[in-house]
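Undergrad: Before we start, here is the structure in question, set down as structure tokens.
The values are calculated or read from the model by the stated rules, or taken from the named source; none is laboratory data. Keep in mind the model is a prediction, meaning the values are calculated, not measured. Note that we place each Cβ from the backbone using ideal geometry, even for glycine, and neighbour counts take in every protein chain shown.
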Amino acid sequence: MRRREFIGLLGGTAVAWPLVTRAQQAMPVIGVLHSQSPDAFRESLRGFRQGLKDAGYVEGENVAIEYRFADNQMDRLPELAAELVRLRVAVIATGGGPVPAFAAKGATATIPIVFTIGDDPVRLGLVASLARPGSNVTGISFLVTELAAKRLALLRELVPAVTRIAVLVNPAEATNTEATLKDMETAALVMGLEIKRLNASSSREINAAFATLVRERPDAMFIGVDAFYTSRRVQFALQAMLHRIAVVYPIRPFVEAGGLMSYGTSLDNAYRQAGVYTGRILKGAKPADLPVERATKFELVINAETARMLGLTVPPSLLATADEVIE
């Protein structure tokens, strides 16, 4: 998606984002490569801009940004990354999963890349180590897959009678799926819970997965980590309500869209950290010398209205520990 469409979706930003032209060579240009849509990136963009501001950069004043969105069409990412390379941007910031980061890495070995992903970048092969990335790539790694046990415990606190849980994962994202299932199996064994795997890689398959709940009859549902799932968060909320099932999600946007509960890293804060790193690189820092940061701010968000509609009573203990309760 191009800049003009993005500006419209953001509600008419007052700042006119400059095109990359010769007249603006004095102003550094950041390339943003994202797997989803501008709407999906709306909230995280605020965090990214705040990080840039913390580092001394304000979009439209002393830095320009070129946006490229794949709208969940992952096969478009390599060409979108190549476009940013041809524009000779100063830094490429990626979001929406590890695929954009790999697309950028495949497009350039010289332009600095700052990723924001919810997985271990060393295990993925993005960097040599967290302490010394060792190439043109560094960024922010926020815990998503590793928090499965905590989410499961919170779900059981909200629904004490739960014994059987459906786990929905995207087989197209093998890395996230493997990590999620591994953590879930370990946690479920300790808690004496039974889990049932369900797969979905498209909107139709998400609906089909929920339809199987009539036959499988689990007590609750656990949604795995996936950028595509985040883009379909309204669909998840509607399906969960239609089938009247308690669902726990990995991040806040699901709950803001009407989902029941989430526990995970604050995406706004993670992207703020990415903005700070991007600013540091613009000032001359080398990605190879910037350790990969681990996001450390986690948040429990509960939608009290959804709980009431599902006939659930949120325990006072959860209400007291929640970072936000949406009424």
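Undergrad: Identify, from the list GLY284, GLY275, the residue that is at positive phi and either crowded, with 17+ Cβ neighbours inside 10 Å or not aromatic (Phe, Trp, Tyr) (or both).
TA: Result: GLY284 is the single residue among GLY284, GLY275 that is at positive phi and either crowded, with 17+ Cβ neighbours inside 10 Å or not aromatic (Phe, Trp, Tyr) (or both).
Undergrad: Between residues in the range 192-217 that are touching a residue at least 40 places away in the same chain (Cβ under 8 Å) and in the same structural domain as PRO171 (by TED's automatic domain parsing) and residues that are buried (at least 17 other Cβ atoms within 10 Å of the Cβ) and assigned to a loop (DSSP other than H, G, I, E, B), which pairs lie under 8 Å by C-beta distance while being six or more apart or on different chains?
TA: As it stands, the answer is LEU193/VAL162; ALA209/ALA200; LEU213/ILE245, since those pairs meet every condition given.
Undergrad: Within the bounds of the range 117-130, is there any residue that is surrounded by fewer than 20 Cβ atoms within 10 Å (Cβ to Cβ) and either of a type in the set (Ser, Thr, Tyr) or at pLDDT 95 or above (or both)?
TA: So far as the range 117-130 goes, yes, one or more of its residues are surrounded by fewer than 20 Cβ atoms within 10 Å (Cβ to Cβ) and either of a type in the set (Ser, Thr, Tyr) or at pLDDT 95 or above (or both).
Undergrad: Has the range 77-93 got at least one residue that is buried (at least 23 other Cβ atoms within 10 Å of the Cβ), under 28 Å from GLU256 (Cβ atoms), small (Gly, Ala, Ser) and in contact (Cβ under 8 Å) with a residue 24 or more places away in the chain?
TA: yes
Undergrad: So, in the range 281-327, exactly how many residues are in contact with a helix residue (DSSP H, G or I) (Cβ under 7 Å, 6 or more places away or on another chain) and under 30 Å from VAL137 (Cβ atoms)?
TA: Summing the residues that are in contact with a helix residue (DSSP H, G or I) (Cβ under 7 Å, 6 or more places away or on another chain) and under 30 Å from VAL137 (Cβ atoms) in the range 281-327 gives 8.
Undergrad: Let me ask another. Out of the residues in the range 120-159 meeting the condition of being out of contact with any Asp or Glu (no Cβ under 9 Å at 6 or more places or on another chain) and charged (D, E, K, R), tell me which one is farthest from ALA220 (Cα to Cα).
TA: ARG123
Undergrad: Given the structure, is GLY47 in contact with a Phe, Trp or Tyr (Cβ under 8 Å, 6 or more places away or on another chain) and either within 28 Å of PHE254 (Cβ to Cβ) or hydroxyl-bearing (Ser, Thr, Tyr) (or both)?
TA: Criteria met by GLY47.
Undergrad: Here's another thing I want to ask about it. Give me a count of the residues in the range 94-114 that are buried (at least 24 other Cβ atoms within 10 Å of the Cβ) and either small (Gly, Ala, Ser) or without any contact (Cβ under 8 Å) to a residue 40 or more places away in the chain (or both).
TA: Residues in the range 94-114 being buried (at least 24 other Cβ atoms within 10 Å of the Cβ) and either small (Gly, Ala, Ser) or without any contact (Cβ under 8 Å) to a residue 40 or more places away in the chain (or both): 6 in total.
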